[in-house]
Amino acid sequence: MDFNELLYKISIWTLPALLAITLHEAGHAFAAWKLGDPTAKQQGRVTLNPLKHIDPMGTIVIPAILIFLKAPFLFGYAKPVPVDFMRLGNPRRDMVWVALAGPGMNFLLAFVFALMVHLLPLMPESVAGWVAQNLRNGIILNVVLGVFNLLPIPPLDGGRVAVGLLPNFLAVPLARLERFGFMILLGVIFVLPSLSRALGTEIDIMQWVFNGPISYTVSIIATLAGLT
């Protein structure tokens with residue numbers, strides 16, 4: 001990849017990625033604040049300023065390396081929003097709403113990007129292609145971030161939703177997995193597919209997520225936005 005190609009790649013991924021991450025984390029912070037916990041508000045996380053949500057390694061370095069290496073996937077993370085669940089009005093119920101607020105913002109933003117596709121014919125040809133790439137990446141990134149975070153694995157949002165909805169005898173052991181959540185994710189994304197192929201089979205949960213829920217969600221958003 002030459003320098004000009006790298007700059008172009010960065011230019012069509014940076015804005016969609018910053019918006020996706022910022023609104024996801026701001027959604028968590030806003031929901032927690034409105035439901036009774038001001039912790040994130042006091043730390044300045046109820047904001048659309050991406051600098052408040054960026055993790056230098058997870059938001060910048062790791063995605064940049066993956067883009068440079070032409071990886072078939074993009075992986076990254078932001079600074080987690082601090083939430084004191086005991087300060088929420090109804091901790092167990094409100095934990096679910098706080099967790100859903102992040103992916104919810106991503107799906108909303110993906111829909112907004114899809115609606116903006118209708119504006120492309122009004123733009124000069126010199127910029128329409130670049131804007132179209134940003135919109136396309138914005139739709140994909142937000143749907144991926146929204147769906148991926150709904151997987152029922154702590155500390156992903158879906159894990160916290162599951163903890164809030166499941167009966168105690170299932171919720172308690174699931175919540176205890178949060179300390180191992182990152183290792184579990186690495187195992188699911190990288191180790192399990194490689195190990196299964198070595199054993200002569202194919203178990204790739206992420207491929208199923210992309211070909212199933214993510215593709216289905218993109219098609220729904222495209223339909224609702226009048227693109228199909």
Filter result for V96 (closer than 30 Å to L7 by Cβ, more than 15 Å from the chain's Cα centre (by Cα), part of a helix (DSSP H, G or I) and of a type in the set (A, V, I, L, M)): no
Answer residue from region 169-198, given it is of a type in the set (K, R) and touching a Pro at 6+ places or on another chain (Cβ under 9 Å) and is nearest to R92 (Cα to Cα) among those: R176
Selection count where residues are outside any helix (DSSP H, G or I), at pLDDT below 80 and exposed (fewer than 15 other Cβ atoms within 10 Å of the Cβ), scope region 20-74: 5
Any hit, region 167-188, residues being touching a Phe, Trp or Tyr at 6+ places or on another chain (Cβ under 8 Å) and not in a helix (DSSP H, G or I): no
Whichever residue in region 98-119 is closer than 26 Å to Q42 by Cβ and out of contact with any helix residue (DSSP H, G or I) (no Cβ under 6 Å at 6 or more places or on another chain) and, among such residues, is surrounded by the fewest Cβ atoms within 10 Å (Cβ to Cβ): L108
Conditions (1) part of a helix (DSSP H, G or I); (2) exposed (fewer than 15 other Cβ atoms within 10 Å of the Cβ); (3) of a type outside the set (A, V, I, L, M, F, W, C): number failed by P193: (2)
Matching option when the condition is touching a His at 6+ places or on another chain (Cβ under 7 Å), part of a helix (DSSP H, G or I), in contact (Cβ under 8 Å) with a residue 40 or more places away in the chain and not acidic (D, E), among L145, L141: L145
Residue in region 164-186 that is β-branched (V, I, T) and in contact (Cβ under 8 Å) with a residue 60 or more places away in the chain present: no
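Matching residues to (1) among the polar types (S, T, N, Q); (2) under 28 Å from L7 (Cα atoms):
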position: L115; (1), (2): no, yes
position: H118; (1), (2): no, yes
position: P154; (1), (2): no, no
position: G187; (1), (2): no, no
position: S194; (1), (2): yes, no
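The values are calculated or read from the model by the stated rules, or taken from the named source; none is laboratory data. Quantities reported herein were computed from a predicted structural model and do not represent experimental measurements. Every residue, glycine as well, gets a Cβ built from its backbone with ideal geometry; the counts of neighbours run over all protein chains shown.
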